[in-house]
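Visitor: One structure coming up, written as structure tokens, with questions to follow.
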Amino acid sequence: MGIAALTKVAVMAPRSDYQEVVKRLARFRDFHMIEKKELRFDPSTQELSVRAVRLLAQVDQVTKDLSIPLNPAMLDVIFRGVKVQRKEYQASGWRELLDSAEKEAEPIRNEIRAAVNRFWQLTKDEADVRSLIDALKAVSNLSVDLSRLGALKRVKAILLIAESGPLAELQRSFPELLLVTQAINPTQSLVVVGAPVEDSARLDKVLKTLSMKPFTLPENLPQNPAGAYKKLTEQLQRITRERTDAEAGVDKLREKHAERLLAIRELAEAARNLLDEVRATGGLDRIATISGYIPANRETEFVQQFTSWMVFHEPVSRVGEGHDASKVPTLFVNRGPTKPFEQITHQQGIPGGPEVDPTPIVTFVFPVFFGIMFGDLGHGLVLTAFAYLIRRRGSGSLRQWGNIFLAAGVAACVMGVVVGEFFGFSLHELVKVPTYIEIVLRPPVVQQATLDPVGTTTLLVLSIFIGIAHIITGLSLDIVQAIRGHETVELLTHKIPMLVMYVSGIGFGFAFIGAGYTFDVLSTSNLVPLLGVPTSTLGGVSLAAVFAAMIALASGRGIAIMAGKVKGESVGSAFANGGIEVFEAISRFLANTISYVRLAIMLLVHASLLLTVNMFLVFPLYISLVPVVLFNILIIVFEVLIVYIQDLRLHIYEFFTKFFDAQGEPFRKLFPDRVRFRINWT
């Protein structure tokens, strides 16, 4: 578990064999390519890369035209059991693979393009006809042949649909006009304008100035408004039917070809990414080179697969011995129940250099924290069942999240048994099981149920102890990483003093409690609670260790600079920064430790909400059942989100910050596993 050891490899082959090398690298999968600075591209690979880009663009456009989502909706996967179909491809090389994909995509693309173009054309025609009908609606009862208006010899006659304002302005600008008006609605009128032929130019100018356009009918329609309206109405009905049929046809094509199109699209995208990455082949004329990292445990297998060419390989270290460790990628090799919790680690980043992988610790701690804050057997069972459904029906990252919440749900069930909570009721009253921490006092009257102060105090203290252990674990991992990275100065001047200061500070806190919450710990002979040692002994040792750690933290860096162990830093700045760091560490440790109180607080809030909801049960069952069920669902949904955020916060801000810089580079497989297709290389 954790992070895999890597081997750096390089393959040199004749350029004529380069496509075979690329195929075998894709089949090997676990190959992280090192980017080349040389921009000399292999012509054959460049050509294939261009084809992959073109195929991706074409298929992507078709999927957009059909509004096909690239991934099924999460709710469809969970509740309807929608599965992603995987297509098998047989190919001896990338050229044959792209030939097959292009041949498969072409007829589908043409069929869909024709159907979509017809649908959009009919949609446009329908919109155009509707706009004509809207324009004719006002004069649909007018049985006049409009073509006769233009046949008059001595008079220029124009039909207008005019607003009241422009019509009045027209009368003032051209008082000698002959106007015949008929109101259509409160704001518009149908107007026949007549003027002598010799005033035609003047009339046109006035109409243009007032933005008044003559009302005309298209030549392909009857010039009688009533007849044109009737014909357009019939035409609209026909186009609407055709548009509906075309839309249904597009829907059928979407259902028929969606999975194949998405498989081809994913194949084209994968080919584009790989071919674009491997097309740079070094600066030699006849030899192509490619280099990268592979898992060390697959080194022998790699050499055997590429034995036809020159292969160079050397083990690499993540701590900077003989190379730049910051460029070494990080390959997680967690298995089983630990694997899903890489998702939590990724929220902070990727470990780099000598950093350890915190995922195994997160695998245990994250569900425990979630279970404490969400402790209720009933709600835990609901969450467990829902997470199991996601795990069964989901794939990829969705399945991983299902596993995470499955563990969280089980932890919530366990905590529910510990505190004796079942949907806000007392578990030991329903089933004869012991309650280890009583957090609710339940008198016979439901409305009088309250939080138990003894159980509440116990939970708060337990949360603090859990936080102390979590923080000490993080500080200890920081020391382990410094030892692995041979950071002797940093280890002695910062990391060990930080751990000693925190642990001794906690020890002094216990002595303070044992002394009756007074600072007179050195002269008090009381025994410290839980530890059973004299207060004066623990207090004295803790104070001595605290002051020693503070001195090392404040002055250690400056002394190391003076001794020549650290170069390029100012002694004065080191001492000043050390003093500031001491005070920052004290306040930070105090805030970090208190922050874990949220473990108990979230559980108490959870219990209080359920107590409030269960007050509905004083009413008859037919009245109380619906609100009780509804509010329980809402509490589960919102508290799962809130508890997850609080759990993640405790890890990111209180735990990871103690040791985890997360500056690593993820190991990128040259050809990672895909969801919708699989290639069987021949």
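Visitor: If you rank 74, 501 by fewest surrounding Cβ atoms within 10 Å, what's the result?
Guide: 74, 501
Visitor: Suppose we take every Cα in segment 38-134 and form the convex hull; what volume per residue is that in Å³?
Guide: Considering the Cα atoms of segment 38-134, their hull volume per residue is 204 Å³.
Visitor: Calculate the FRET efficiency for residue 648 and residue 60 from the Cβ-Cβ distance with a Förster distance of 60 Å, rounded to the nearest 0.05.
Guide: 0.95
Visitor: P(r) tail for segment 336-658, what percent of Cα pairs lie past 29 Å?
Guide: In whole percent, the share of Cα-Cα pairs in segment 336-658 beyond 29 Å is 50.
Visitor: Return the long-range amide H neighbours of residue 288 (sequence gap of 5 or more, or a different chain), with a cut-off of under 5 Å between placed amide H atoms.
Guide: Under 5 Å from the amide H of residue 288: 13, 15.
Visitor: Can you compute the label reach from residue 472? Point 7 Å from Cα along the Cβ direction, backbone N cut-off under 12 Å, restricted to segment 527-543.
Guide: Counting only backbone N, you get 531.
Visitor: So if each residue of separation counts as 0.36 nm, and I subtract the Cα-Cα distance between residue 92 and residue 314, what length gain in nm does that give?
Guide: Contour length minus Cα-Cα distance gives 76.9 nm.
Visitor: Each residue of segment 384-390 in order: what ³J(HN,Hα) in whole Hz does its phi give by Karplus 6.51 cos²θ - 1.76 cosθ + 1.60, θ = phi - 60°, with x for Gly and Pro?
Guide: After applying 6.51 cos²θ - 1.76 cosθ + 1.60, I find 4, 5, 5, 5, 5, 4, 4 Hz.
Visitor: Once amide H atoms are built 1.01 Å from N in the peptide plane, which residues 5 or more positions from residue 441, or in another chain, come under 5 Å H to H?
Guide: 450, 451, 452
Visitor: Mind checking the alpha-carbon convex hull of segment 413-567 and giving the volume per residue in Å³? Let's see the in-between values first.
Guide: Working: hull volume 27.5 nm³, N = 155.
Dividing the Cα hull volume of segment 413-567 by its residues yields 177 Å³.
Visitor: Assuming R0 = 41 Å, what is the FRET efficiency of residue 286 and residue 74, from their Cβ-Cβ distance, to the nearest 0.05?
Guide: 0.20
Visitor: Taking 0.36 nm per residue of sequence separation and subtracting the Cα-Cα distance, how much length would be gained by fully extending the chain between residue 631 and residue 567, in nm to one decimal?
Guide: Taking 0.36 nm per residue and subtracting the Cα distance, the gain is 16.7 nm.
Visitor: Also, quick follow-up: Roughly how many nanometres apart are two label points built 7 Å out from the Cα toward the Cβ at residue 179 and residue 242?
Guide: Those two pseudo-labels are separated by 4.2 nm.
Visitor: Can you give the helix-only mean residue ellipticity at 222 nm for the chain, where every DSSP H stretch with n ≥ 4 adds -39500 (n - 2.57) and the sum goes over all residues, rounded to the nearest 500 deg cm²/dmol?
Guide: On the way: 19 runs with 381 residues, N = 682.
Helix-only estimate at 222 nm: -19000 deg cm²/dmol.
Visitor: Follow-up. Tell me, 29, 286 in order of fewest to most beta-carbon neighbours within 10 Å?
Guide: 286, 29
Visitor: So for segment 336-658, averaging the separation of alpha carbon pairs under 8 Å that are six or more residues apart and normalising by length, what relative contact order in percent results?
Guide: Reported as a whole number, the value is 19 percent.
Visitor: Ok, one more. Any chance you could run the full-extension gain for residue 202 through residue 681? It's 0.36 nm times the residue separation minus the Cα-Cα distance, nm to one decimal.
Guide: Numbers: separation 479, 0.36 × 479 = 172.44 nm, distance 8.11 nm.
Separation in residues times 0.36 nm, less the Cα-Cα distance, equals 164.3 nm.
Visitor: Let me ask something else about it. By counting other Cβ atoms within 10 Å of each Cβ, how are 531, 170 ranked from fewest to most?
Guide: Least crowded to most crowded, the residues run 531, 170.
Visitor: Holding the Cα-Cα limit at 28 Å, pick out from 567/669; 124/205; 23/64; 327/567; 327/658; 87/252 the pairs that are longer than that.
Guide: Exceeds cut-off: 567/669; 124/205; 23/64.
Visitor: Would you mind getting me the FRET efficiency between residue 347 and residue 577? Use the beta-carbon distance for r and R0 = 30 Å, nearest 0.05.
Guide: Efficiency, from the Cβ-Cβ distance: 0.50.
Visitor: Sticking with this one: Using alpha-carbon pairs under 8 Å, 6+ residues apart, how would you state the relative contact order of the chain in percent?
Guide: Values: 969 pairs, mean separation 145.3, N = 682.
Result for the chain is 21 percent.
Visitor: Here is a follow-up. At what distance in nm do the modelled label points of residue 17 and residue 451 sit from each other, each positioned 7 Å from its Cα along Cα→Cβ?
Guide: 7.2 nm
Values in this text are rule-based calculations from the coordinates and carry no lab data. Just so we're clear, the structure is a prediction, and the values are computed from it rather than from any experiment. So basically every Cβ, Gly included, is an ideal-geometry build from the backbone, and we count neighbours across all protein chains shown.
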